[in-house]
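The values are calculated or read from the model by the stated rules, or taken from the named source; none is laboratory data. Treat the numbers as computed from the prediction; the structure is a model and nothing was measured. Here the Cβ positions follow ideal geometry from the backbone for every residue, glycine too, while neighbour counts run over all protein chains shown.
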Amino acid sequence: ILDFHLSHKTNPEFEFTPNESTSKSIWRYLSTENLLGSIENIDLEDLDRIFIIEKATHERNYTEKELYDLYKKFQFNINQLLSVKQSYKLLSNVEARALVYQGILITSEIEPKIELTKILKDLFIKDGIQNAFKDELSKILKEIDIYEVPSNYTSFYNEFVHKEKEQESLTKIKINNKIIHQSKLLNYFTEDITKENIEKDLNDLLKKIKKDKKYYISTKDIILIESLKSDGVQVLKKYEDFYQIDDSNMPTDIQFLIDNNEIGLVLLRLVEVIGQDEIQDIGSETLYFIISALNQLDIDPLRNKILLKVLPLKVKKYN
(Lines give C-alpha, C1' and ligand atoms only; values in the text may rest on other atoms or scores of the structure.)
Protein backbone atom coordinates (compact mmCIF):
# COMPACT_ATOMS: atom_id res chain seq x y z
CA ILE A 1 0.00 0.00 0.00
CA LEU A 2 2.79 2.44 0.91
CA ASP A 3 4.58 1.88 -2.42
CA PHE A 4 1.27 2.35 -4.24
CA HIS A 5 0.59 5.54 -2.26
CA LEU A 6 4.04 6.95 -3.04
CA SER A 7 3.56 6.23 -6.75
CA HIS A 8 0.27 8.13 -6.68
CA LYS A 9 1.72 11.12 -4.80
CA THR A 10 4.99 11.44 -6.74
CA ASN A 11 3.81 10.73 -10.28
CA PRO A 12 1.43 13.41 -11.66
CA GLU A 13 0.53 11.09 -14.57
CA PHE A 14 -0.32 8.20 -12.26
CA GLU A 15 -3.17 6.04 -13.57
CA PHE A 16 -4.38 2.66 -12.40
CA THR A 17 -7.39 0.66 -13.50
CA PRO A 18 -8.29 -2.03 -10.94
CA ASN A 19 -9.45 -5.42 -12.10
CA GLU A 20 -10.90 -8.55 -10.54
CA SER A 21 -7.51 -9.64 -9.17
CA THR A 22 -6.77 -6.28 -7.52
CA SER A 23 -6.45 -6.68 -3.75
CA LYS A 24 -9.15 -5.35 -1.44
CA SER A 25 -6.66 -2.99 0.22
CA ILE A 26 -5.85 -1.34 -3.12
CA TRP A 27 -9.57 -1.03 -3.90
CA ARG A 28 -10.12 0.64 -0.52
CA TYR A 29 -7.19 3.00 -1.11
CA LEU A 30 -8.52 4.01 -4.52
CA SER A 31 -11.98 4.56 -3.09
CA THR A 32 -10.72 6.58 -0.11
CA GLU A 33 -8.53 8.79 -2.30
CA ASN A 34 -11.29 9.26 -4.93
CA LEU A 35 -9.11 7.60 -7.56
CA LEU A 36 -11.71 5.21 -8.91
CA GLY A 37 -12.55 6.16 -12.46
CA SER A 38 -15.97 7.49 -13.31
CA ILE A 39 -18.39 4.93 -14.70
CA GLU A 40 -20.34 7.58 -16.57
CA ASN A 41 -18.92 6.66 -19.98
CA ILE A 42 -18.27 2.97 -19.51
CA ASP A 43 -18.84 0.70 -22.51
CA LEU A 44 -22.05 -1.22 -21.80
CA GLU A 45 -20.77 -4.09 -23.94
CA ASP A 46 -17.78 -4.55 -21.65
CA LEU A 47 -19.60 -6.96 -19.36
CA ASP A 48 -16.42 -8.13 -17.64
CA ARG A 49 -15.69 -4.55 -16.61
CA ILE A 50 -19.23 -4.04 -15.37
CA PHE A 51 -19.03 -7.23 -13.30
CA ILE A 52 -15.89 -5.82 -11.68
CA ILE A 53 -17.91 -2.71 -10.80
CA GLU A 54 -20.69 -4.92 -9.37
CA LYS A 55 -18.14 -6.74 -7.24
CA ALA A 56 -16.59 -3.44 -6.13
CA THR A 57 -20.07 -2.23 -5.15
CA HIS A 58 -20.55 -5.41 -3.12
CA GLU A 59 -17.34 -4.50 -1.29
CA ARG A 60 -18.61 -0.89 -0.85
CA ASN A 61 -15.96 0.72 -3.04
CA TYR A 62 -18.54 2.08 -5.48
CA THR A 63 -21.89 3.35 -4.25
CA GLU A 64 -25.05 1.47 -5.09
CA LYS A 65 -26.38 4.61 -6.75
CA GLU A 66 -23.50 4.54 -9.25
CA LEU A 67 -24.21 0.91 -10.11
CA TYR A 68 -27.96 1.34 -10.52
CA ASP A 69 -27.54 4.48 -12.59
CA LEU A 70 -25.37 2.30 -14.84
CA TYR A 71 -28.09 -0.37 -15.05
CA LYS A 72 -30.56 2.29 -16.20
CA LYS A 73 -28.40 2.97 -19.28
CA PHE A 74 -28.79 -0.53 -20.72
CA GLN A 75 -30.98 -0.58 -23.82
CA PHE A 76 -33.56 -3.37 -23.94
CA ASN A 77 -36.29 -3.84 -26.52
CA ILE A 78 -39.98 -3.58 -25.71
CA ASN A 79 -40.49 -7.35 -25.80
CA GLN A 80 -37.76 -7.89 -23.19
CA LEU A 81 -39.27 -5.24 -20.91
CA LEU A 82 -42.75 -6.73 -21.26
CA SER A 83 -41.55 -10.25 -20.47
CA VAL A 84 -38.76 -9.67 -17.94
CA LYS A 85 -39.35 -12.93 -16.05
CA GLN A 86 -38.60 -14.96 -19.18
CA SER A 87 -36.19 -12.66 -21.01
CA TYR A 88 -33.58 -12.30 -18.24
CA LYS A 89 -32.87 -16.05 -18.42
CA LEU A 90 -31.49 -15.62 -21.96
CA LEU A 91 -29.00 -12.91 -20.99
CA SER A 92 -25.61 -12.79 -19.31
CA ASN A 93 -25.69 -12.38 -15.52
CA VAL A 94 -24.82 -8.68 -15.75
CA GLU A 95 -27.44 -7.95 -18.40
CA ALA A 96 -30.00 -10.03 -16.51
CA ARG A 97 -29.56 -7.91 -13.39
CA ALA A 98 -29.87 -4.70 -15.41
CA LEU A 99 -33.05 -5.93 -17.14
CA VAL A 100 -34.70 -7.13 -13.93
CA TYR A 101 -33.84 -3.84 -12.21
CA GLN A 102 -35.42 -1.86 -15.04
CA GLY A 103 -38.41 -4.18 -14.82
CA ILE A 104 -38.81 -3.32 -11.13
CA LEU A 105 -38.72 0.40 -11.92
CA ILE A 106 -41.46 0.23 -14.55
CA THR A 107 -43.72 -2.17 -12.65
CA SER A 108 -46.44 -0.60 -10.50
CA GLU A 109 -48.38 -3.69 -9.41
CA ILE A 110 -47.23 -4.91 -6.00
CA GLU A 111 -46.96 -8.68 -6.53
CA PRO A 112 -44.93 -8.66 -9.78
CA LYS A 113 -42.76 -5.86 -8.37
CA ILE A 114 -41.87 -7.92 -5.28
CA GLU A 115 -41.42 -11.03 -7.42
CA LEU A 116 -38.89 -9.23 -9.64
CA THR A 117 -37.17 -7.82 -6.55
CA LYS A 118 -36.73 -11.33 -5.17
CA ILE A 119 -35.42 -12.53 -8.54
CA LEU A 120 -32.87 -9.71 -8.57
CA LYS A 121 -31.79 -10.51 -5.02
CA ASP A 122 -31.27 -14.15 -6.00
CA LEU A 123 -29.23 -13.12 -9.06
CA PHE A 124 -26.86 -11.15 -6.84
CA ILE A 125 -26.59 -14.00 -4.34
CA LYS A 126 -25.84 -16.43 -7.18
CA ASP A 127 -22.67 -14.48 -8.07
CA GLY A 128 -21.71 -13.85 -4.43
CA ILE A 129 -22.22 -10.08 -4.64
CA GLN A 130 -25.37 -9.76 -2.53
CA ASN A 131 -24.17 -6.61 -0.73
CA ALA A 132 -24.42 -4.73 -4.03
CA PHE A 133 -28.20 -4.99 -3.63
CA LYS A 134 -28.64 -3.97 -0.03
CA ASP A 135 -29.60 -0.30 0.27
CA GLU A 136 -31.54 -0.33 -2.99
CA LEU A 137 -33.38 -3.50 -1.92
CA SER A 138 -34.40 -1.83 1.32
CA LYS A 139 -35.48 1.30 -0.54
CA ILE A 140 -37.67 -0.67 -2.98
CA LEU A 141 -39.37 -2.71 -0.27
CA LYS A 142 -39.91 0.21 2.08
CA GLU A 143 -41.98 1.90 -0.61
CA ILE A 144 -44.46 -0.97 -0.33
CA ASP A 145 -46.97 -0.96 2.51
CA ILE A 146 -46.73 -4.18 4.51
CA TYR A 147 -50.51 -4.60 4.30
CA GLU A 148 -50.28 -4.75 0.51
CA VAL A 149 -47.66 -7.50 0.47
CA PRO A 150 -49.09 -10.82 -0.85
CA SER A 151 -48.98 -13.63 1.71
CA ASN A 152 -46.52 -15.65 -0.36
CA TYR A 153 -43.96 -12.82 -0.12
CA THR A 154 -44.36 -11.73 3.51
CA SER A 155 -41.36 -13.80 4.64
CA PHE A 156 -39.14 -12.19 1.99
CA TYR A 157 -40.47 -8.73 2.85
CA ASN A 158 -40.01 -9.20 6.59
CA GLU A 159 -36.52 -10.62 6.18
CA PHE A 160 -35.21 -7.44 4.59
CA VAL A 161 -37.53 -4.75 5.95
CA HIS A 162 -39.06 -5.81 9.25
CA LYS A 163 -35.69 -6.89 10.62
CA GLU A 164 -34.15 -3.56 9.65
CA LYS A 165 -37.00 -1.59 11.20
CA GLU A 166 -36.57 -3.61 14.39
CA GLN A 167 -32.90 -2.68 14.48
CA GLU A 168 -33.79 0.96 13.92
CA SER A 169 -36.10 0.80 16.93
CA LEU A 170 -33.06 0.21 19.14
CA THR A 171 -32.14 3.85 18.87
CA LYS A 172 -33.27 5.18 22.20
CA ILE A 173 -30.27 5.70 24.44
CA LYS A 174 -30.85 4.85 28.09
CA ILE A 175 -28.84 7.19 30.28
CA ASN A 176 -27.08 5.61 33.26
CA ASN A 177 -25.21 8.23 35.27
CA LYS A 178 -23.55 5.57 37.42
CA ILE A 179 -21.26 4.69 34.51
CA ILE A 180 -19.27 7.40 32.71
CA HIS A 181 -19.58 6.02 29.18
CA GLN A 182 -23.34 5.50 29.60
CA SER A 183 -23.98 8.84 31.29
CA LYS A 184 -25.64 12.05 30.12
CA LEU A 185 -22.24 13.08 28.75
CA LEU A 186 -23.30 11.13 25.64
CA ASN A 187 -25.78 13.91 24.90
CA TYR A 188 -22.84 16.04 23.79
CA PHE A 189 -22.45 13.83 20.71
CA THR A 190 -26.13 13.95 19.76
CA GLU A 191 -27.27 17.43 20.75
CA ASP A 192 -26.12 21.02 20.44
CA ILE A 193 -24.66 21.37 23.94
CA THR A 194 -22.12 24.07 24.81
CA LYS A 195 -18.65 23.08 25.99
CA GLU A 196 -19.26 25.03 29.19
CA ASN A 197 -22.30 22.94 30.09
CA ILE A 198 -20.73 19.61 29.21
CA GLU A 199 -17.56 20.66 31.06
CA LYS A 200 -19.58 21.21 34.25
CA ASP A 201 -21.39 17.90 33.79
CA LEU A 202 -18.10 16.07 33.25
CA ASN A 203 -16.36 17.49 36.31
CA ASP A 204 -19.43 16.99 38.49
CA LEU A 205 -19.59 13.36 37.41
CA LEU A 206 -15.86 12.85 38.00
CA LYS A 207 -16.25 14.35 41.49
CA LYS A 208 -19.08 11.96 42.28
CA ILE A 209 -17.35 8.89 40.89
CA LYS A 210 -13.99 9.63 42.49
CA LYS A 211 -15.68 9.35 45.89
CA ASP A 212 -16.80 5.84 44.98
CA LYS A 213 -13.78 3.70 45.86
CA LYS A 214 -15.37 0.68 44.21
CA TYR A 215 -15.74 2.33 40.81
CA TYR A 216 -13.44 0.91 38.16
CA ILE A 217 -12.77 3.29 35.29
CA SER A 218 -12.98 1.33 32.07
CA THR A 219 -11.34 1.83 28.69
CA LYS A 220 -14.70 2.96 27.32
CA ASP A 221 -14.89 5.61 30.06
CA ILE A 222 -11.45 6.85 29.02
CA ILE A 223 -12.48 6.87 25.35
CA LEU A 224 -15.43 9.16 26.12
CA ILE A 225 -13.43 11.52 28.36
CA GLU A 226 -10.53 11.76 25.90
CA SER A 227 -12.95 12.52 23.06
CA LEU A 228 -14.43 15.39 25.07
CA LYS A 229 -10.94 16.68 25.90
CA SER A 230 -10.04 16.46 22.21
CA ASP A 231 -12.90 18.87 21.52
CA GLY A 232 -11.57 21.36 24.06
CA VAL A 233 -13.54 20.31 27.14
CA GLN A 234 -11.40 21.01 30.22
CA VAL A 235 -10.96 18.55 33.09
CA LEU A 236 -10.16 20.12 36.46
CA LYS A 237 -6.56 19.61 37.53
CA LYS A 238 -7.59 17.60 40.60
CA TYR A 239 -9.10 14.94 38.31
CA GLU A 240 -6.24 14.72 35.81
CA ASP A 241 -4.73 11.73 37.62
CA PHE A 242 -8.04 9.88 37.64
CA TYR A 243 -6.68 7.45 35.05
CA GLN A 244 -3.53 6.69 33.09
CA ILE A 245 -3.29 6.87 29.30
CA ASP A 246 -1.68 3.90 27.57
CA ASP A 247 -0.83 4.67 23.95
CA SER A 248 1.25 1.54 23.47
CA ASN A 249 -1.57 -0.17 21.58
CA MET A 250 -1.50 2.41 18.79
CA PRO A 251 0.27 0.75 15.83
CA THR A 252 3.42 2.72 15.00
CA ASP A 253 2.61 2.85 11.29
CA ILE A 254 -0.79 4.43 11.97
CA GLN A 255 0.74 7.02 14.30
CA PHE A 256 3.33 7.80 11.63
CA LEU A 257 0.58 8.38 9.07
CA ILE A 258 -1.33 10.57 11.55
CA ASP A 259 1.76 12.66 12.23
CA ASN A 260 2.08 13.21 8.47
CA ASN A 261 -1.63 14.02 8.11
CA GLU A 262 -2.18 11.13 5.68
CA ILE A 263 -5.91 11.02 6.38
CA GLY A 264 -6.79 8.70 3.50
CA LEU A 265 -4.19 6.10 4.45
CA VAL A 266 -5.13 6.28 8.13
CA LEU A 267 -8.77 5.57 7.30
CA LEU A 268 -7.70 2.73 5.04
CA ARG A 269 -5.63 1.18 7.84
CA LEU A 270 -8.51 1.53 10.28
CA VAL A 271 -10.77 -0.29 7.82
CA GLU A 272 -8.18 -3.07 7.63
CA VAL A 273 -8.02 -3.25 11.44
CA ILE A 274 -11.79 -3.56 11.73
CA GLY A 275 -11.92 -6.08 8.86
CA GLN A 276 -15.13 -8.09 8.65
CA ASP A 277 -16.06 -7.48 12.29
CA GLU A 278 -19.02 -5.43 13.41
CA ILE A 279 -17.80 -2.25 15.09
CA GLN A 280 -19.71 -3.26 18.25
CA ASP A 281 -17.61 -6.43 18.48
CA ILE A 282 -14.24 -4.66 18.42
CA GLY A 283 -12.24 -5.01 21.65
CA SER A 284 -11.94 -1.99 23.93
CA GLU A 285 -8.18 -1.59 23.43
CA THR A 286 -8.53 -1.60 19.63
CA LEU A 287 -11.50 0.75 19.89
CA TYR A 288 -9.38 3.12 21.97
CA PHE A 289 -6.70 3.58 19.32
CA ILE A 290 -9.31 3.89 16.55
CA ILE A 291 -11.02 6.75 18.41
CA SER A 292 -7.65 8.22 19.35
CA ALA A 293 -6.69 8.32 15.66
CA LEU A 294 -9.96 10.05 14.74
CA ASN A 295 -9.49 12.53 17.60
CA GLN A 296 -6.00 13.42 16.40
CA LEU A 297 -7.26 13.95 12.84
CA ASP A 298 -10.36 15.91 13.98
CA ILE A 299 -12.70 13.58 12.09
CA ASP A 300 -15.52 14.24 14.54
CA PRO A 301 -18.59 13.11 12.52
CA LEU A 302 -17.18 9.60 12.01
CA ARG A 303 -15.89 9.48 15.59
CA ASN A 304 -19.28 10.50 16.99
CA LYS A 305 -21.06 7.90 14.88
CA ILE A 306 -18.79 5.16 16.23
CA LEU A 307 -19.07 6.38 19.83
CA LEU A 308 -22.86 6.33 19.70
CA LYS A 309 -22.72 2.85 18.22
CA VAL A 310 -20.51 1.28 20.89
CA LEU A 311 -20.81 3.24 24.15
CA PRO A 312 -24.48 3.71 25.10
CA LEU A 313 -26.91 1.29 26.62
CA LYS A 314 -29.76 1.01 24.12
CA VAL A 315 -33.31 -0.06 24.75
CA LYS A 316 -36.41 -0.64 22.65
CA LYS A 317 -38.09 2.56 21.60
CA TYR A 318 -41.86 2.34 21.83
CA ASN A 319 -44.06 4.88 20.10
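Please work out which residue is surrounded by the most Cβ atoms within 10 Å (Cβ to Cβ), limiting yourself to segment 168-189 and to residues that are assigned to a loop (DSSP other than H, G, I, E, B) and either at pLDDT 75 or above or of a type in the set (Phe, Trp, Tyr) (or both). Quick ask: steps written out before the conclusion?
Looking only at segment 168-189, we keep the residues that are assigned to a loop (DSSP other than H, G, I, E, B), and these are 169-171, 175-179, 183.
Okay, now just the ones that are also either at pLDDT 75 or above or of a type in the set (Phe, Trp, Tyr) (or both), so 175-179, 183.
Values: Ile175: 13, Asn176: 14, Asn177: 14, Lys178: 11, Ile179: 18, Ser183: 20.
Of everything passing the filter in segment 168-189, Ser183 is surrounded by the most Cβ atoms within 10 Å (Cβ to Cβ).
Which residue is surrounded by the fewest Cβ atoms within 10 Å (Cβ to Cβ), if the candidates are limited to segment 74-129 and must be part of a helix (DSSP H, G or I) and aromatic (Phe, Trp, Tyr)?
Here the answer is Phe124.
In segment 237-248, which residue that is loosely packed, with under 12 Cβ neighbours inside 10 Å and touching a residue at least 12 places away in the same chain (Cβ under 8 Å) is farthest from Lys200 (Cα to Cα)?
Ranking the qualifying residues of segment 237-248, first place goes to Asp247.
Out of contact with any Asp or Glu (no Cβ under 9 Å at 6 or more places or on another chain), small (Gly, Ala, Ser) and either part of a helix (DSSP H, G or I) or surrounded by fewer than 16 Cβ atoms within 10 Å (Cβ to Cβ) (or both) - does that describe any residue in segment 252-267?
no
Could you pull out the residue among Asp192, Asp231, Asp253 that is modelled with pLDDT of 90 or more and within 23 Å of Leu302 (Cα to Cα)?
Asp231
Tell me the residue from Glu272, Glu278, Glu262, Glu285 that is free of Cβ contacts under 8 Å to residues at least 12 places away in the same chain and either over 24 Å from the mean Cα position of the chain (by Cα) or closer than 30 Å to Asn131 by Cβ (or both), please.
Values: Glu272 fails: free of Cβ contacts under 8 Å to residues at least 12 places away in the same chain; Glu262 fails: free of Cβ contacts under 8 Å to residues at least 12 places away in the same chain; Glu285 fails: free of Cβ contacts under 8 Å to residues at least 12 places away in the same chain.
Criteria check complete, one pass: Glu278.
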